[in-house]
Amino acid sequence: MTSLLYTVLIIPACLVVSIYGQGSDHSQGPYSGQGKHSGQGKQSEEAPEQGQCVRCCPQDNPPGPQIIALPQQMTSEKGDKGDPGWPGPVGVRGPTGTHGPPGLDGARGPRGPPAPNATRPQAAFSVLRASPMFGGDRFQAITFEHQFVNIDQHFNNDTGVFYCMISGIYHFSYTLHTYNGYESYVHLMKNEEEQVINFSQSSGRSIMQTQFALLPLDKGDRIWLRLAARNSTAIFSDSKDFYITFNGYLAVPQDYELSNIIPQKTEPNKANVLD
């Protein structure tokens, strides 16, 4: 047991002391200024003694791993942009979204410029009769002595006829005063066709009658009032109070499609109309 402890503890301790004693003499050792290696790191010309440690590398390049300083940030030039790739396939159509709420009303736009002055075709007349008129054995056109309005003289007082010079839709009206003891029987005529009628039987009372109509006219048509061919027929007026009047004016020029506004005239049932 004692010999085992001697071998394990005493012999290694002696070796350590011997090695330490040989390397601790700095004046004669390898690290002195006059030793086997100089302070400049140059190798001595004398051969090292056996058992001495000799520096084999210069001090400015000591042994061990070398540390190389790398740049803090490495950069490189950017290359040219590559060609675009092929487009990918079209994706599946997504579901339709819900209808959104209506937006707010926009601001009102600026007022537009005034329209150019367009000349609208005009035609109008208003005439008066200042004397009574009696029927006879033939039809008579009612004539007039005075006029309030007669644009472009399309109405002839002497013949009692309005001559249409502008095609379109016209409004016509006339007013009569019955003559006591006579009947009144007056038609509004378009050319030779009866349009509307004013009629009253004989009586001892004075009656005012008015009739009106809207008629489509072509250029050249004639509008007039016709008194029936009867000796029992008469209408009354005087120079103080104009009881008989006839009026007409162009309501719609022919620029409009007349056939879409006024239906075709149908013949009325004249079975119960007096002759």
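The values are calculated or read from the model by the stated rules, or taken from the named source; none is laboratory data. Since this is a predicted model, take the numbers as computed values, not measurements. Note that each Cβ is placed from the backbone with ideal geometry, even for glycine, and that neighbours are counted across all protein chains shown.
A few points about this structure:
- Counted residues, segment 217-234 - those being within 24 Å of TYR163 (Cα to Cα), touching a residue at least 60 places away in the same chain (Cβ under 8 Å) and surrounded by 18 or more Cβ atoms within 10 Å (Cβ to Cβ): 6
- Single unsatisfied condition, ILE262 versus (1) modelled with pLDDT of 90 or more; (2) not polar (S, T, N, Q); (3) not in a strand (DSSP E or B): (1)
Let's see how each residue does on (1) among the aliphatic types (A, V, I, L, M); (2) modelled with pLDDT of 90 or more:
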| position | (1), (2) |
| --- | --- |
| PHE212 | no, yes |
| PRO216 | no, yes |
| ARG222 | no, yes |
| ALA229 | yes, yes |
| SER232 | no, no |
| SER239 | no, no |
| PHE246 | no, yes |
| ALA251 | yes, yes |
